[in-house]
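Take a look at the structure set out below.
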Amino acid sequence: MTDELVGRPERPGPPRSRPQARADLDPERAALHDLIATGPRRAQSRVPLVDDEERLLGPFGAMLFSPRIGSAVQQVGAALRTDPDLPPRLRELAVLTVAAHTRSEFEWTSHEGTARDAGLTSTQLQALLDGTEPAGLDAAERHAWRVARALLVDRDVDDELYAAALGALGRDTLAALVWLVGYYSMLAGALATFRPAGPGSR
């Protein structure tokens, strides 16, 4: 049961941009479409990345607007998804911290199930929605949440938090965490600006 959560992000309004048919894409955009639509990301995703006509949805559809940059962006996402320095539970904790703060419905919906599979509880997910530190986190997860919130809310990581996070996470995981927060914040910005069609859009 997942319906007990209060305050999940909701779609801000109707789509501003419609999915693009592959047949209408130039070669550069078609290549990016195929990379996303037929790659491992699609097989691993809990929400559809394409509609019933194989048109890209959500932030992936928006990546087609600037295909050279979109290609680089999706490569960053693929690297973060498989980075061994980011344990699955810590990674999903950070992703949903961004999704809750930015009110990104697509990001929250895409990752809630994965976060539960990684071991985050309903109580912990509710805390993320409320903007409060979840109970029951280990030291690395606590500091990951604190760094993510500092980046999102304060746009700064002070010396005390930096030293504590470096000790709890190590340099490599801390670096990967910072890139992760930036990546999902960027996707949330694209979603908020273009409001691309998502699963179930009308």
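Here, each number is a calculation from the coordinates, and none is a lab measurement. Small disclaimer: the values here were computed from a predicted structure and weren't measured. Virtual Cβ from ideal backbone geometry, glycine too; neighbours counted across all protein chains shown.
Loop-only GluC sites (Glu not before Pro) in segment 2-102, please: DSSP not H, G, I, E or B, and at most 10 other Cβ atoms within 10 Å.
On the way: sites: 4, 10, 28, 53, 54, 92; in loops: 4, 10, 53, 54.
Passing both the DSSP loop test and the Cβ count: 4, 10, 53.
By counting other Cβ atoms within 10 Å of each Cβ, how are 106, 194 ranked from fewest to most? Provide the component values of the computation, followed by the final result.
On the way: 106 22, 194 16.
Result, fewest neighbours first: 194, 106.
Would you work out the relative contact order for segment 1-75, in percent, from Cα pairs under 8 angstrom that are 6 or more residues apart? Provide the component values of the computation, followed by the final result.
Details: 48 pairs, mean separation 22.0, N = 75.
With pairs under 8 Å counted, the relative contact order is 29 percent.
Please report how far the C-alpha centroid of segment 86-105 lies from that of segment 166-192, rounded to the nearest whole angstrom.
For segment 86-105 versus segment 166-192, the Cα centre distance is 9 Å.
Give me the net charge of residue 128's neighbourhood, meaning all other residues with Cβ under 11 Å from the Cβ of residue 128; Lys, Arg count +1, Asp, Glu -1.
On the way: positive: 8, 149; negative: 92, 112, 130, 133.
It works out to a net charge of -2.
Just to confirm the number: angle between the C-alpha axis of helix 88-102 and the first principal axis of the chain, 0 to 90 degrees, nearest 10?
70 degrees
Collect residues whose amide H, placed 1.01 Å from N in the peptide plane, falls under 5 Å from the amide H of residue 50; neighbours closer than 5 in sequence don't count.
57
With an 8 Å Cα cut-off and a minimum separation of 6 or more residues, compute the relative contact order for the chain in percent.
Working: 249 pairs, mean separation 68.2, N = 202.
The value is 34 percent.
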